[in-house]
1. Looking at the stretch 1-40, which of the residues that are modelled with pLDDT of 90 or more and acidic (D, E) is farthest from G75 (Cα to Cα)?
2. Only one residue in G53, G89 is surrounded by 14 or more Cβ atoms within 10 Å (Cβ to Cβ), small (G, A, S) and either without any contact (Cβ under 8 Å) to a residue 40 or more places away in the chain or over 15 Å from K25 (Cα atoms) (or both). Which one?
3. Among the residues of the stretch 41-66, write down those that are at pLDDT below 95 and either small (G, A, S) or in contact with a Phe, Trp or Tyr (Cβ under 7 Å, 6 or more places away or on another chain) (or both).
4. Of the conditions (1) more than 17 Å from G89 (Cα to Cα); (2) assigned to a loop (DSSP other than H, G, I, E, B), E34 fails just one. Which one is it?
Amino acid sequence: MPRSHRRRPERPRDDSLDRLIAGWKRTEVRGGGEWYVQPLTAAQAQKEYVCPGCSGLIPAGTAHLVVWRADGVLGDAADLAARRHWHNGCWRRG
């Protein structure tokens, strides 16, 4: 029997948490706390967010930063769940 060369559809996965944990990130100290800062490229930015620095919209497809506490007392999962998306300039000015 001949082989089929059709691609199988990929199963949808919610791997956004895995991407954030495993992706490139840096640690910054700001405002008396330690923060993880991870840049997202325009291709990775698939949703709209509101920047906490300026309350402005970060449209889908716009490169920006994802920021969460590195030294929170409630644990890594709670800190990651409380992450925020910032404009690059707003985070630098903050």
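The values are calculated or read from the model by the stated rules, or taken from the named source; none is laboratory data. This one's a predicted model, so the numbers in the text were calculated from it and none came from an experiment. Reconstructed Cβ throughout: ideal geometry from the backbone, glycine too, with neighbour counts over all protein chains shown.
1. Here the residue is E28.
2. Result of the check over G53, G89: G53.
3. Across the stretch 41-66, the qualifying residues are A42, A43, A45.
4. Against the list (1) more than 17 Å from G89 (Cα to Cα); (2) assigned to a loop (DSSP other than H, G, I, E, B), E34 comes up short only on (2).
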